[in-house]
């Protein structure tokens with residue numbers, strides 16, 4: 001076996017991605033430039049998050065948005081973790097090795113990692129934690145990405161062996177998925193609702209859709225991490241309320257800054273902005289099973305009816321770039337740089353309507369701020385740009401509460417968002433593969449699914465690049481998702497909050513690790 005730590009497992013660096021995205025891509029105000037002070041212990045970090053639902057729970061298999069993702073970051077550790085620069089680091093795993101065909105992966109566990117109840121983390125815990133997401137009865141959102149696992153075995157207390165149905169050069173990245181924390185096991189099973197992990201903080205209170213509080217785990221194994229004494233997460237869905245909570249000092253950090261009012265935070269005393277480019281993208285999925293979206297010409301007409309530059313300018317206030325109707329970001333390793341960029345073209349939209357046998361089209365588009373900040377305004381702009389192509393878009397403003405359970409994947413044309421994924425295979429497997437839990441358009445494409453399997457096990461990097469480029473083109477031209485923009489992660493914090501030099505590009509809030517990497521001045 002040959003060790004693959006640090007060999008071919010990195011994406012394009014954050015700074016390279018920032019350069020590609022333009023001058024507005026990376027904004028680090030004076031308080032967020034390389035911190036010179038030694039991190040200090042103490043205080044309670046209060047985060048106001050633009051997500052949260054009364055249906056939230058502790059079972060990681062069902063997590064679907066930032067509130068529970070941050071809850072998981074407080075409670076849990078994973079075999080691996082994506083670092084701030086997009087490379088992969090060991091966490092509960094100390095190291096890993098692959099067989100020559102990358103179909104068998106052996107993980108050696110780190111010594112000294114303990115659960116909140118004092119028990120040592122063992123290979124049996126790891127096996128049971130991953131098995132929780134497998135099997136016919138599993139409803140886990142991670143089920144598609146771990147489906148290639150054929151067998152999990154252990155060798156003593158500190159070695160776990162994964163045998164895959166075929167080679168997967170990116171498999172260690174999969175083990176960093178936020179659905180896959182390491183939980184304590186008993187008799188080969190985990191209790192996902194116990195709220196016990198091996199992460200930096202222990203759960204104190206949890207009121208779903210409202211708040212969660214945590215205390216520092218004194219036996220946390222990572223030196224130089226988890227500087228706060230306590231963490232408080234608050235679900236503040238309304239963007240204005242979230243912003244006011246920061247400006248009034250009720251919280252220390254907010255995510256999903258409203259770009260319509262970002263100028264108020266720019267002028268607010270004691271507040272600083274954090275803007276980071278990455279893989280986050282705002283999308284408008286069409287149910288490919290529902291008329292009129294069963295016709296790809298209708299889907300193409302809708303894609304050409306989106307004025308992408310206007311959305312970047314108006315909804316993102318310049319904090320992002322246009323999207324090309326596929327989910328692979330410019331910082332991803334195999335981004336198809338040569339793929340022609342689709343732009344707003346009412347004439348092409350009318351052409352595809354005619355190809356579908358109609359002169360005009362009327363559809364409903366459901367949106368709520370729960371989808372993303374500015375989603376309703378974006379839907380209105382889409383309605384206006386589509387009208388110039390002969391398409392009437394009736395905007396349906398949906399309630400924030402229950403949006404993800406009652407509207408998303410329930411109605412045929414909606415607003416949605418993705419944080420993206422570190423690898424192309426992971427992104428495609430999660431949201432575009434046949435049968436994937438989060439295939440929000442219910443899209444099926446035989447050639448795409450064949451290539452997904454082939455590219456996953458292909459070890460020739462040049463060939464993988466060609467395959468992923470073709471898959472991006474297929475999704476762009478035949479998929480059922482309009483992806484008009486890639487949005488920066490725009491956050492704001494009290495100037496008391498200090499951060500490391502690089503803020504992760506793959507997910508918001510420093511890859512969800514703000515709770516263990518940031519500190520108070």
Working only within region 476-498, note down all residues that are closer than 21 Å to residue 433 by Cα and touching a helix residue (DSSP H, G or I) at 6+ places or on another chain (Cβ under 7 Å).
-> 478, 480, 482, 484
Among the residues of region 125-139, is any within 26 Å of residue 331 (Cα to Cα), part of a loop (DSSP other than H, G, I, E, B), at pLDDT below 95 and not assigned by TED's automatic domain parsing to the domain that holds residue 436?
-> no
Can you name the number of the only condition in (1) part of a strand (DSSP E or B); (2) surrounded by fewer than 22 Cβ atoms within 10 Å (Cβ to Cβ); (3) assigned by TED's automatic domain parsing to the domain that holds residue 299 that residue 289 fails?
-> (1)
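Please go through region 436-454 and pick out each residue that is touching a residue at least 24 places away in the same chain (Cβ under 8 Å) and over 19 Å from residue 166 (Cα atoms). Explain how you work it out, then say what you get.
Keep residues of region 436-454 that are touching a residue at least 24 places away in the same chain (Cβ under 8 Å), which gives 436-438, 440-445, 447-448, 452-453.
If the condition is that a residue be touching a residue at least 24 places away in the same chain (Cβ under 8 Å) and over 19 Å from residue 166 (Cα atoms), then 437, 438, 440, 441, 442, 443, 444, 445 are the ones that fit.
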What number of residues within region 84-105 are buried (at least 18 other Cβ atoms within 10 Å of the Cβ) and either closer than 30 Å to residue 238 by Cα or in contact with a strand residue (DSSP E or B) (Cβ under 7 Å, 6 or more places away or on another chain) (or both)?
-> 11
Go over the candidates 72, 86, 48, 42 one by one and state the one that is in a loop (DSSP other than H, G, I, E, B), within 30 Å of residue 250 (Cβ to Cβ), outside the structural domain of residue 421 (by TED's automatic domain parsing) and touching a residue at least 24 places away in the same chain (Cβ under 8 Å).
-> 42
Scan region 421-459 residue by residue and report those that are at pLDDT below 90 and touching a strand residue (DSSP E or B) at 6+ places or on another chain (Cβ under 6 Å).
-> 422
How many of the residues making up region 275-285 are assigned to a strand (DSSP E or B) and touching a helix residue (DSSP H, G or I) at 6+ places or on another chain (Cβ under 6 Å)?
-> 0
Go through the residues of region 464-484 one by one and say whether even a single one is assigned to a loop (DSSP other than H, G, I, E, B), touching a residue at least 12 places away in the same chain (Cβ under 8 Å) and surrounded by 24 or more Cβ atoms within 10 Å (Cβ to Cβ).
-> yes
Hey, can you tell me all the residues within region 258-270 that are out of contact with any strand residue (DSSP E or B) (no Cβ under 6 Å at 6 or more places or on another chain), touching a residue at least 12 places away in the same chain (Cβ under 8 Å) and not in a loop (DSSP other than H, G, I, E, B)?
-> 262, 264
Residue check, residue 269 against (1) farther than 28 Å from residue 212 by Cβ; (2) modelled with pLDDT under 90, all met but one. Which one?
-> (2)
Could you say whether any residue in region 284-295 is under 18 Å from the mean Cα position of the chain (by Cα) and under 19 Å from residue 420 (Cβ atoms)?
-> yes
Collect the residues in region 106-124 that are surrounded by 15 or more Cβ atoms within 10 Å (Cβ to Cβ) and either at pLDDT below 95 or in a loop (DSSP other than H, G, I, E, B) (or both), keeping them in residue-number order.
-> 110, 113, 115, 116, 121, 122
Restricting the search to region 309-345, which residues are part of a loop (DSSP other than H, G, I, E, B), closer than 18 Å to residue 384 by Cα and either touching a helix residue (DSSP H, G or I) at 6+ places or on another chain (Cβ under 9 Å) or not assigned by TED's automatic domain parsing to the domain that holds residue 468 (or both)?
-> 315, 343, 344, 345
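The values are calculated or read from the model by the stated rules, or taken from the named source; none is laboratory data. What you see is a predicted model, and the numbers here were worked out from it, not measured in a lab. Here the Cβ is made from the backbone with ideal geometry for all residues, glycine too, and neighbour counts use every protein chain on show.
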